[in-house]
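Inspection log for the structure reproduced underneath, given as structure tokens.
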Amino acid sequence: MVGLKEELLKSIWHAFTALDLDRSGKVLSHNLCTVLNVPHDPVALEEHFRDDDEGPVSNQGYMPYLNKFILERVQGNFDKVEFNRMCWTLCAKKNLSKSPLLISDEDAFKVWVIFNFLSEDKYPLIIVPEEIEYLLKKLTEAMGAGWQQEQFDHYKIALNTSREGLSAWELIDLIGSGQFSKGMDRQTVSMAINEVFNELILDVLKQGYMLKKGHKRKNWTERWFVLKPNIISYYVSEDLKDKKGDIILDGNCCVEALPDKDGKKCLFLIKCLDKSFEISASDKKKKQEWIQAIQTTVNLLRAGSPPPHKEARQKRKELRQKLLAEQEELERQMKELQTANENKQKELETVRKQLEAAAARAAEEEKKRLQTQVELQDRFSLELEREKMVRQKMEEQVAQKSSELEQYLQRVRELEEMYKQLQEALEDEKQARQDEETVRKLQARLLEEESAKRAELEKWHLQQQQTIQMTEAEKQELENQRMIKEQALQVAMQQLEQLELERKEALEQYEEVKKKLEMAANNTKSWKDKVAHHEGLIRLIEPGSKNPHLITNWGPAAFTEAELEQRQKSWKGKKATSE
């Protein structure tokens, strides 16, 4: 609460010094109670602002009332931006420069709030050159421009010769003049001021659009996420008007990357005690930045550390206090040396007067006195030379200390720059390690697939060899069967030729038998006619075959049906033997 009270006092101080409390003290107190959500105490307010010697412009003053009835009752449940805007409204009109500036009134208000955050804890409030340099560097970095250290060094030298630092209104004039933002348009400067304001005043550690998976409908919706030291809030858009929810962070939370699924890429999971949240970033770089930012925030919560910008401000303040203490110690030593030198001078002056008095009193012992005086002068001359040497040595030490102090400051700036570079290098190294791990896993997976494919190819090769061997055996067997069939075919052809010859012979025999039959038929007919003619009813018995004759396309067959069946059985037996 002490730090909160100091922050409030700085803004109130501006409003306090800008108002005529005889006429507006009640208005200021009433407005403070309203914006700070402090219960009103009309009786105490009227009692304090009564028109007598105990009023706000008397010895009692306004600050005791402010501390007792307002600041000590502040609980922290108020809107800091609204509080600062109220104080700004009361003091800006009187103090803000009338000359045209490159920044808007809203940007001037944000610069005024940043001034209260970075200013020293003493009144009247000023911001020292080191904090001015820090703020200008932040703005230059946010604008994407290069920092002009030499230009600021000249400005710092000119500033140190006239005063210790700048007031809030002088800082606004400096930034609004565009002296350190040449070549930048108003919109770029405004966006830079807003980014620094969000980081230093609103404690916004990171913000941006991402997709969030719903807990009920399981759909993905784009939200504007804002990361603060102990909470992640998400809104419909970046204007922060429609807030959809919060993710409360504590030391028990953790964040982890998730593999791509459901068509969503760059996924990570925020685990809390009561609920988990699935988030999808726009790319791998954003995903890694968010994971690192959230993990850093959780680590700070576990360690109980303040936000990085507040911790850095405290370190800079401690460093300035240390340097100031060393400078005061050097000044104290210089004063001691100067006092010792003055005492020596006084002693020398006293001795000189004593010598003069001794010379007046002891004129008769002039020779001895002169000798004694010469000796004393020589001795004191040596002492004076020694003192001069000591003084010169101390001056050299002071110059050396000043040089060391300047080198120390330069070293501090270099360390800060090295710290930033180290952070960037660490981020690059982490990204490189993650990329290396990804490539290594991919290589391992490819090696496994290659091994599987190689085993499968060897299996196929073995099967192919077996198949080739089986094919060659089958080929040899088929070749043997073909030769056997060719031999059988040749035998069948020979038998066919033999049968053809036998058929021709049988046909010739048939022709001869037919001729004989015709001749016999003719003879029989003649006999029939004769017998019929002589005997009438006598019928001769004609000779014939016992078995029915077979008829072929060429006439009566040469074989009987029984002989033909016998020959068919013989052919089938030969054919089975050849196969």
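The values are calculated or read from the model by the stated rules, or taken from the named source; none is laboratory data. Computed from a predicted structure; not experimentally measured. Every residue, glycine as well, gets a Cβ built from its backbone with ideal geometry; the counts of neighbours run over all protein chains shown. These accessible areas exclude ligands, DNA and RNA; they are computed on the full protein's heavy atoms, side chains included. Shrake-Rupley method; radii C 1.70, N 1.55, O 1.52, S 1.80 Å.
The table that follows gives values for the structure above.
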read-out: Leading residue by the ranking (nearest to the chain's Cα centre (by Cα)) among those in the range 314-328 that are of a type in the set (D, E, K, R) and open to solvent by 50 Å² or more (accessible area, probe 1.4 Å); value: Lys315
read-out: Test: residue in the range 81-103 that is touching a His at 6+ places or on another chain (Cβ under 9 Å), loosely packed, with under 14 Cβ neighbours inside 10 Å, at pLDDT below 80 and not in a strand (DSSP E or B); value: no
read-out: The range 261-313 - residue that is open to solvent by 80 Å² or more (accessible area, probe 1.4 Å) and assigned to a helix (DSSP H, G or I) and, of those, farthest from Gly208 (Cα to Cα); value: Arg302
read-out: The listed residue being open to solvent by less than 90 Å² (accessible area, probe 1.4 Å), at pLDDT 85 or above, polar (S, T, N, Q) and over 23 Å from the mean Cα position of the chain (by Cα), out of Gln400, Gln410, Gln392; value: Gln410
read-out: Evaluation of Lys430 against (1) over 30 Å from Trp147 (Cβ atoms); (2) assigned to a helix (DSSP H, G or I) (one fails), failing number; value: (1)
read-out: Residue within the range 212-225 that is closer than 21 Å to Leu301 by Cβ and small (Gly, Ala, Ser) present; value: no
read-out: Lone qualifier among Phe180, Phe152 - being hydrophobic (A, V, I, L, M, F, W, C), assigned to a loop (DSSP other than H, G, I, E, B), in contact with a Phe, Trp or Tyr (Cβ under 9 Å, 6 or more places away or on another chain) and surrounded by 15 or more Cβ atoms within 10 Å (Cβ to Cβ); value: Phe180
read-out: So Arg73, is it open to solvent by 70 Å² or more (accessible area, probe 1.4 Å), over 30 Å from Ile193 (Cα atoms) and at pLDDT 70 or above; value: yes
read-out: Residue within the range 158-173 that is among the charged types (D, E, K, R), farther than 26 Å from Lys315 by Cα, free of Cβ contacts under 8 Å to residues at least 40 places away in the same chain and outside any helix (DSSP H, G or I) present; value: no
read-out: Subset of the range 242-260 that is assigned to a strand (DSSP E or B) and closer than 21 Å to Arg217 by Cα - its residue that is least open to solvent (accessible area, probe 1.4 Å); value: Ile247
read-out: Flag for Val113 being under 18 Å from Leu4 (Cβ atoms) and crowded, with 20+ Cβ neighbours inside 10 Å; value: yes
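Residue-by-condition table, conditions (1) at pLDDT 90 or above; (2) more than 14 Å from the chain's Cα centre (by Cα):
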position	(1), (2)
Val204	no, yes
Leu211	yes, yes
Lys216	no, yes
Ile231	yes, yes
Val255	yes, no
Lys264	no, yes
Ser280	yes, no
Lys287	yes, no
Arg302	no, yes
